[in-house]
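Written below as structure tokens is the structure these notes are about.
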Amino acid sequence: MKVKAIRVHKIGGPEVLTWEEVEIGEPSEGEIRIKNKAIGVNYVDIYYRTGLHQEPLPFVPGKEAVGVVSAVGPGVTGIEVGDVVGYADTPMGTYTEEQIIPATLAIPIPPSVDHITAASVLLKGMTTYVLVKQAFKIQAGHTVLVHAAAGGVGSLLCQWANALGATVFGTVSTQEKAIQAAEDGCHHVIIYTEEDFVAQVAEITSRKGVHVVYDAVGKDTFKGSMECLMPRGCMISYGQCSGRPDPVPVSDLASKSLILGRPGMRHYTATRDELLHAAGEVFAGVAAGVLRVRVNHVYPLHEAARAHADLEARRTSGSVVLLPAMPAADS
Ligand SMILES: NC(=O)c1ccc[n+]([C@@H]2O[C@H](COP(=O)([O-])OP(=O)(O)OC[C@H]3O[C@@H](n4cnc5c(N)ncnc54)[C@H](OP(=O)(O)O)[C@@H]3O)[C@@H](O)[C@H]2O)c1
């Protein structure tokens, strides 16, 4: 079976995302085919396109989508044609009209959550769950610094940390993003393109520092993030939008007895039970109003290059979604 998809034939800028026909075949034993309704764009898609993360060429990018099951392979039980499911992080290749995946990776989407919201919150929400409840367990009274606080993960992270009773510090690049971060529960918003975030955190905490820093900006912020921590604080490095952080000698952690972690969502959702538990926590958060999903940018799938260019240039906030079929314009 042939479908239209975005494919990468060579590493490069957004222009290497080409719209073409690809052969996907039929589901084999244990597999299902999904007709994608909404596809989440994640910063990690840029790492693969630019070669920071490696994938054999050519490849269809994308790590998150929500759609309707269109075919079921032999041996699959508990999933039927017509079911609405999502999948996140693995396997690669969601920038496509239809995709075949192992049935064990399909996550049922609650009927109360629409396709676009689900594709905006699944991967980013499960990542946030790992950050606030697994890699570091936020408790009431903790002080938390979140970089890129208006981003896809950042927005959800501020909301969840606030709901858990933390005092939240957030960094953003613009005034517009600062307003959003404050709405999302940041008690102290720092515009790190204008202010020294290390000095600001020191001043606001009376030089005590924060319990934990969540840093996915990487190279530009990592060193300053370590300076913001209190003794016995925890540095959670979980991404690298500005480039890989410079290496840190382990002995550097000794001056404040710091803990350094580099969690990846997939290691916390590796079993079927863990995956469904993480997704369940996210959808419970959405249902309770703890997670208010910001679908700030929607593009047709064939314009994935424009979505990548905007995300990479820091022009986006909240979640970015691609649609294989755009809704009809109001007449
Ligand atoms: N470890 C995991 O399992 C895992 C899972 C999912 C995502 N992540 C990581 O989480 C981070 C956020 O992902 P996302 O998809 O939600 O993206 P995003 O936060 O919506 O977008 C990236 C943001 O990073 C900030 N940024 C700072 N310096 C930048 C630079 N030099 N270039 C580009 N952006 C820069 C920008 O916010 P400002 O304009 O406010 O600076 C930008 O909007 C990424 O680093 C990603 O790799 C990790």
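The values are calculated or read from the model by the stated rules, or taken from the named source; none is laboratory data. Being a predicted model, the structure only gives us computed values, none of them experimental. Cβ atoms come from the backbone with ideal geometry, glycine included; neighbour counts cover every protein chain shown. The accessibility values were calculated without ligands, DNA or RNA, using every heavy atom of the protein model including side chains. Shrake-Rupley method; radii C 1.70, N 1.55, O 1.52, S 1.80 Å.
The residue pairs whose first member lies in segment 183-206 and is without any contact (Cβ under 8 Å) to a residue 24 or more places away in the chain, whose second member is open to solvent by 60 Å² or more (accessible area, probe 1.4 Å) and part of a helix (DSSP H, G or I), and whose beta carbons are closer than 6 Å, counting only pairs six or more residues apart or on different chains, are His188/Ile204.
Cβ separations smaller than 6 Å between residues 6+ apart or across chains give the following pairs from segment 228-251 residues that are in contact (Cβ under 8 Å) with a residue 60 or more places away in the chain and closer than 22 Å to Gly151 by Cβ to residues that are open to solvent by 10 Å² or more (accessible area, probe 1.4 Å) and within 11 Å of the ligand (Cβ to nearest atom): Ile236/Ala135; Ile236/Gly261; Tyr238/Ala216; Tyr238/Pro263; Gly239/Ala216; Cys241/Tyr43; Cys241/Val217. Could you tell me whether segment 143-156 includes any residue that is closer than 30 Å to Leu323 by Cα, more than 13 Å from the ligand (Cβ to nearest atom) and in a helix (DSSP H, G or I)? Checked against the condition, which is being closer than 30 Å to Leu323 by Cα, more than 13 Å from the ligand (Cβ to nearest atom) and in a helix (DSSP H, G or I), segment 143-156 yields no hits at all. Of the residues making up segment 107-122, none is in contact (Cβ under 8 Å) with a residue 12 or more places away in the chain, closer than 24 Å to Met326 by Cβ, in the same structural domain as Val44 (by TED's automatic domain parsing) and charged (D, E, K, R).
For the condition open to solvent by less than 10 Å² (accessible area, probe 1.4 Å) and within 22 Å of Cys228 (Cα to Cα), what is the one hit in Leu156, Leu122? Steps first, answer last, please.
Values: Leu122 fails: within 22 Å of Cys228 (Cα to Cα).
Only one candidate passes the filter, namely Leu156.
Is at least one residue of segment 276-295 acidic (Asp, Glu), open to solvent by 40 Å² or more (accessible area, probe 1.4 Å) and within 30 Å of Ile6 (Cβ to Cβ)? No, every residue in segment 276-295 fails to be acidic (Asp, Glu), open to solvent by 40 Å² or more (accessible area, probe 1.4 Å) and within 30 Å of Ile6 (Cβ to Cβ).
Residues in segment 160-186 that are crowded, with 16+ Cβ neighbours inside 10 Å, more than 13 Å from the ligand (Cβ to nearest atom) and either among the polar types (S, T, N, Q) or assigned to a loop (DSSP other than H, G, I, E, B) (or both): 5 in all. For segment 195-227, a tally of residues being within 16 Å of the ligand (Cβ to nearest atom) and either within 24 Å of the chain's Cα centre (by Cα) or open to solvent by 90 Å² or more (accessible area, probe 1.4 Å) (or both) returns 16.
I'd like to check something: does segment 306-326 contain any residue that is at pLDDT below 95, open to solvent by 40 Å² or more (accessible area, probe 1.4 Å), more than 14 Å from the ligand (Cβ to nearest atom) and out of contact with any Lys or Arg (no Cβ under 7 Å at 6 or more places or on another chain)?
The initial filter retains those residues of segment 306-326 that are at pLDDT below 95, namely 325-326.
Pick out the ones that are also open to solvent by 40 Å² or more (accessible area, probe 1.4 Å) and you get 325-326.
Those left that are additionally more than 14 Å from the ligand (Cβ to nearest atom): 325-326.
Narrowing the set further to residues that are out of contact with any Lys or Arg (no Cβ under 7 Å at 6 or more places or on another chain) leaves 325-326.
Checked segment 306-326: at least one residue is at pLDDT below 95, open to solvent by 40 Å² or more (accessible area, probe 1.4 Å), more than 14 Å from the ligand (Cβ to nearest atom) and out of contact with any Lys or Arg (no Cβ under 7 Å at 6 or more places or on another chain).
Quick check on Ala284: is it closer than 23 Å to Ala181 by Cβ and small (Gly, Ala, Ser)? No.
Inside segment 14-43, can you point out the residues that are over 30 Å from Gly78 (Cα atoms) and free of Cβ contacts under 8 Å to residues at least 24 places away in the same chain?
Taking segment 14-43 as the starting set, the residues that turn out to be over 30 Å from Gly78 (Cα atoms) are 14-21, 43.
Once the filter is applied, which keeps residues that are over 30 Å from Gly78 (Cα atoms) and free of Cβ contacts under 8 Å to residues at least 24 places away in the same chain, segment 14-43 yields Thr18, Glu20, Glu21.
Residue count for segment 254-275 under the criterion of being among the aliphatic types (A, V, I, L, M), open to solvent by 60 Å² or more (accessible area, probe 1.4 Å) and in a loop (DSSP other than H, G, I, E, B): the result is 1. Figure legend. Inter-residue proximity from segment 257-268: first residues at positive phi, second residues open to solvent by 70 Å² or more (accessible area, probe 1.4 Å) and away from the ligand (no atom under 14 Å from the Cβ), beta-carbon distance below 7 Å, spacing 6+ or different chains. Indicated pairs: Ser257/Pro231; Ser257/Arg232. Among the residues of segment 239-252, those identified as surrounded by 16 or more Cβ atoms within 10 Å (Cβ to Cβ) and out of contact with any Lys or Arg (no Cβ under 7 Å at 6 or more places or on another chain) are Gly239, Cys241.
Which residue, of Lys137, Lys133, is open to solvent by 50 Å² or more (accessible area, probe 1.4 Å), under 18 Å from the mean Cα position of the chain (by Cα) and not hydroxyl-bearing (Ser, Thr, Tyr)? Show your work before the answer.
On the way: Lys137 fails: under 18 Å from the mean Cα position of the chain (by Cα).
Within the list Lys137, Lys133, the selection yields Lys133.
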